[in-house]
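Report on the following structure.
The values are calculated or read from the model by the stated rules, or taken from the named source; none is laboratory data. Bear in mind that the values here come from a model prediction, so they are computed numbers and not experimental data. Counting neighbours? That spans all protein chains shown, and the Cβs are built from the backbone with ideal geometry, glycine included.
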Amino acid sequence: MNNYQELAKRTLKADTPELTHDEMMIVWVAIGLAGEVGELVDYLKKGIFHKHGLDIDHVKKELGDISWYHAGLCTLLGLDLDDVHNANIEKLKARYPNGFSFEDSFNRDE
């Protein structure tokens with residue numbers, strides 16, 4: 001593993017130029033979003049596969065945290081939440097014009 005670590009270090013970019021405040025905020029919010037999604041997924045895993053059960057209020061709080069970071073990322077990138085959601089619906093309509101089907105899932109372009 002030490003050899004792997006040494007070889008992997010070659011692609012670890014150590015001379016990254018300083019980030020602007022806006023770039024730092026975008027990265028911070030993106031990391032927060034990933035962390036919150038991870039918390040939710042882990043909670044669902046334990047609740048379902050480990051048979052701990054699910055507390056819907058807890059799920060709602062985690063989804064709220066995810067929404068906060070999602071909205072923050074949109075704000076920092078100058079995106080309108082309505083536009084983001086509408087674009088997603090249009091993508092899904094194009095991908096699954098008659099609603100989800102396994103056939104369309106296998107034959108989709110992207």
>> I need the full set of residues from segment 72-83 which are surrounded by 13 or more Cβ atoms within 10 Å (Cβ to Cβ) and either part of a loop (DSSP other than H, G, I, E, B) or touching a helix residue (DSSP H, G or I) at 6+ places or on another chain (Cβ under 6 Å) (or both), in order please.
In response: Gly72, Leu73, Cys74, Leu76, Leu79
> So which pairs qualify, if the first residue must be in segment 18-47 and free of Cβ contacts under 8 Å to residues at least 12 places away in the same chain, the second must be surrounded by fewer than 15 Cβ atoms within 10 Å (Cβ to Cβ) and assigned to a helix (DSSP H, G or I), the Cβ gap must be under 8 Å, and the two must be at least 6 apart or on different chains?
Replying inline: Leu19/Val27
>> If I ask for residues that are of a type in the set (D, E, K, R), out of contact with any helix residue (DSSP H, G or I) (no Cβ under 8 Å at 6 or more places or on another chain) and surrounded by 12 or more Cβ atoms within 10 Å (Cβ to Cβ), which ones from segment 28-60 would you list?
In response: Lys46
> Quick check: anything in segment 98-110 of a type in the set (Asp, Glu) and either surrounded by 14 or more Cβ atoms within 10 Å (Cβ to Cβ) or at pLDDT 95 or above (or both)?
Replying inline: no
> How many of the residues making up segment 16-51 are of a type in the set (Gly, Ala, Ser), over 13 Å from Glu62 (Cβ atoms) and more than 18 Å from the chain's Cα centre (by Cα)?
Replying inline: 0
> Of the numbered conditions (1) surrounded by 10 or more Cβ atoms within 10 Å (Cβ to Cβ); (2) at pLDDT below 95, Lys13 satisfies every one except a single condition; which is it?
Replying inline: (1)
> Taking segment 1-27, which residues are assigned to a helix (DSSP H, G or I) and touching a helix residue (DSSP H, G or I) at 6+ places or on another chain (Cβ under 9 Å)?
Replying inline: Asp22, Met25, Ile26
> Going by the structure shown, is Leu63 under 18 Å from Leu76 (Cβ atoms), part of a helix (DSSP H, G or I) and modelled with pLDDT of 95 or more?
Replying inline: no
